[in-house]
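K.L.:
Got a structure for you, questions after.
The values are calculated or read from the model by the stated rules, or taken from the named source; none is laboratory data. Because the structure is predicted, anything quoted here is derived from the model rather than measured. Positions of Cβ are generated from backbone atoms using ideal geometry, with glycine treated the same way; all protein chains shown enter the neighbour counts. Remember, those area values only see protein heavy atoms, side chains included, never the ligands or the DNA or RNA. Shrake-Rupley method; radii C 1.70, N 1.55, O 1.52, S 1.80 Å.
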Amino acid sequence: IPNLAEYVQVTYVGAANLPAAAYQVTNQLRIPMTAALSRALLKKRISRLQISAVCLLMLGVILVLLKPDHAGADAVVGPLRERNPVVGVSAVLVTCLCSTFASVWFEKVLKHGVST
């Protein structure tokens, strides 16, 4: 339960410090992280087409994050608070890394067992 509470808190920090579109798109970095961790931990082969798709996804994330934030669709109800994009992206990256590591590790345990 404490880990779940920390995960929810870090996710909230990411969502509170990024525009909705940037948060959703940055969350898609789970895909390249999963590919990288699968390659590193599970020794999976990744085709050139898959690598190209992951690079294209990362380019899309970068383009969305570089787009200036326009108030309007993301208008905050109540008092307006300052957003810190560096904190937001960092929080999303932490949640992505934790989530993908747990998923890939679980797959490794299921396929190869645990060696102690």
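K.L.:
Can you list residue pairs whose Cβ atoms sit under 6 Å apart, with the first residue in region 56-84 being under 27 Å from residue 32 (Cβ atoms) and of a type in the set (Asp, Glu) and the second being open to solvent by less than 80 Å² (accessible area, probe 1.4 Å) and at pLDDT 60 or above? Count only pairs 6 or more apart in sequence or on different chains.
P.N.:
Every condition considered, the pairs that remain are 69/19; 74/19; 74/20.
K.L.:
Does region 77-116 hold any residues that are at pLDDT 70 or above and either outside any helix (DSSP H, G or I) or charged (D, E, K, R) (or both), and which are they?
P.N.:
Of everything in region 77-116, those that are at pLDDT 70 or above and either outside any helix (DSSP H, G or I) or charged (D, E, K, R) (or both) turn out to be 82, 83, 84, 107, 108, 111, 113, 114.
K.L.:
State whether the residues of region 68-76 include one that is at pLDDT below 85, open to solvent by less than 90 Å² (accessible area, probe 1.4 Å), among the hydrophobic types (A, V, I, L, M, F, W, C) and not in a helix (DSSP H, G or I).
P.N.:
The answer is yes, given that some residue of region 68-76 is at pLDDT below 85, open to solvent by less than 90 Å² (accessible area, probe 1.4 Å), among the hydrophobic types (A, V, I, L, M, F, W, C) and not in a helix (DSSP H, G or I).
K.L.:
Which condition number does residue 50 fail, the rest of (1) of a type in the set (S, T, N, Q); (2) under 18 Å from residue 104 (Cα atoms); (3) open to solvent by less than 90 Å² (accessible area, probe 1.4 Å) being met?
P.N.:
(3)
K.L.:
Can you report the number of residues in region 23-48 which are closer than 15 Å to residue 95 by Cα, touching a residue at least 24 places away in the same chain (Cβ under 8 Å) and of a type outside the set (Ser, Thr, Tyr)?
P.N.:
Number satisfying all stated conditions: 9.
K.L.:
To continue, here is another question. Counting only residues that are part of a loop (DSSP other than H, G, I, E, B) and either at positive phi or open to solvent by 80 Å² or more (accessible area, probe 1.4 Å) (or both), how many does region 1-27 have?
P.N.:
Count: 1.
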